[in-house]
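Quick notes on the structure that follows.
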Amino acid sequence: MPVPVPAGRILLVGCGKMGRALGTGWLARGLPPNDLLAVEPDNANATAANAEGIAVVASAEDLHSNFTPDWTVLAVKPQVLAAAAAAYARFSTTSHYLSIVAGKTLAELTSLLGQDARVVRAMPNTPVAVGRGITATVAGEGVLLAAREKCTALLAAVGDVVWLDEEAMMDAVTAVSGSGPAYVFLLIECLSEAGRQAGLPTRLAGRLALATVAGAGELARLSEEDAGTLRRNVTSPAGTTEAALEVLMDIKVGFQPLLTSAVAAAARRSKELASAVTPVHRQLD
């Protein structure tokens with residue numbers, strides 16, 4: 001049963017692909033259109049948002065003086081946050097803030113919005129565009145359990161939600177779920193190319209690879225068994241799958257050590273970029 005969006009007015013600051021995915025998800029979950037307003041200066045993004053039923057104004061100056069959101073969702077690019085935040089700091093006494101701005105820490109956000117601002121930092125990944133994302137979240141000071149529950153309901157409109165005990169875990173989250181879709185896309189590419197080199201026509205190899213990865217992922221999602229058990233279930237002794245897995249599971253050069261190294265590299269880069277106050281990962285928009 002889909003979780004309904006909690007009652008209250010939402011101000012969506014930034015309506016690129018990620019912001020639009022959230023907005024359309026909320027409307028689909030029953031948020032009254034009159035309770036959602038977006039600020040988006042880009043004409044193309046604004047037009048796309050309007051087409052999805054999202055009301056848009058061009059700037060914070062266009063907001064009515066009596067406008068008081070319950071949630072202010074920051075979905076702008078990292079490089080424009082500092083310039084944009086001042087216009088929304090005035091909501092800190094009435095609103096909670098939900099930031100999906102890449103790489104911006106709770107400390108940075110509160111320094112821009114005010115030390116009393118109640119902020120949740122979140123990191124969704126790109127599958128939110130089809131309602132199948134996962135978002136890692138961490139709460140700042142003053143965000144009580146009731147607010148966390150409402151935030152969960154907001155983000156559940158576009159996929160799964162997990163809460164982190166420590167903000168420092170965001171670097172590992174970036175490396176696993178933030179960058180993870182690219183690893184899966186690469187797997188599809190590589191499996192397709194391997195099929196081509198094994199003698200399949202290019203289009204057929206691509207179709208087989210895509211359907212196999214998508215189907216296996218859905219099977220894993222719906223199954224009560226873990227991934228290791230599912231793997232063992234389809235691996236017959238001395239069969240073709242076992243022959244392939246002997247290569248992929250090599251303890252030195254196999255898939256696990258390779259992916260572990262890749263995730264570690266992404267996590268290191270996430271820390272470097274955060275300390276340089278630049279984007280941690282590439283957003284949808």
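No value in this document is a laboratory result; all are computed from the given coordinates. This one's a predicted model, so the numbers in the text were calculated from it and none came from an experiment. For neighbour counting, all protein chains shown are included, and Cβ atoms are generated from backbone atoms with ideal geometry for every residue, glycine included.
Listing for the model above:
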read-out	value
Residue-span extension gain [Leu208 to Thr93] - 0.36 nm each, minus C-alpha spacing	36.0 nm
Cβ-based net charge around Leu210, under 12 Å, with every Lys or Arg adding one and every Asp or Glu removing one	+1
Residues of segment 98-133 with amide N under 14 Å of a point placed 7 Å along Cα→Cβ from Leu144	118
R0 of 41 Å, Cβ-Cβ distance Leu186-Asn66: FRET efficiency to nearest 0.05	0.25
Residue order, fewest to most surrounding Cβ atoms within 10 angstrom, among Cys15, Cys190, Cys151	Cys190, Cys151, Cys15
Derived scalar couplings ³J(HN,Hα) [segment 152-163; Karplus, 6.51 cos²θ - 1.76 cosθ + 1.60; whole Hz; x for Gly, Pro]	4, 5, 5, 6, 5, 5, 10, x, 7, 9, 10, 9
For the chain, with +1 on Lys and Arg beta carbons and -1 on Asp and Glu, the positive-most of Cys15, Leu109, Ala60 along the dipole	Cys15
Two-site FRET efficiency, Ala82 against Ala220, from Cβ-Cβ distance with R₀ of 45 Å, rounded to 0.05	0.65
Within segment 10-165: Cβ-based charge dipole about Cα centre, in debye rounded to nearest 20 (Lys, Arg +1; Asp, Glu -1)	260 debye
Viscosity 1.002 mPa s, temperature 20 °C, Stokes-Einstein D of segment 1-67 from Kirkwood C-alpha radius, µm²/s	178 µm²/s
13 Å beta-carbon shell around Gln115, net charge (K/R +1, D/E -1)	-2
Helix-only CD estimate at 222 nm, as mean residue ellipticity for the chain, using -39500 (n - 2.57) per DSSP H run (n ≥ 4)	-14000 deg cm²/dmol
Relative contact order for segment 180-274, counting Cα pairs under 8 Å that sit 6 or more residues apart, in percent	12 percent
Volume per residue that the Cα convex hull of segment 10-165 spans, once the total is divided by residue count, Å³	104 Å³
Peptides 124-137, 96-109 ordered by average Cβ neighbours within 10 Å, highest first	96-109, 124-137
Rg over Rh [alpha-carbon atoms, Kirkwood Rh] for segment 180-274	1.01
Value of relative contact order over segment 10-165, rounded to a whole percent, pairs C-alpha under 8 Å and six or more apart	21 percent
Per-selection metrics, the chain (Cα): Rg and Dmax in Å	21.3, 72
Net charge dipole size for the chain [Lys, Arg +1 and Asp, Glu -1 on Cβ; Debye, nearest 20]	380 debye
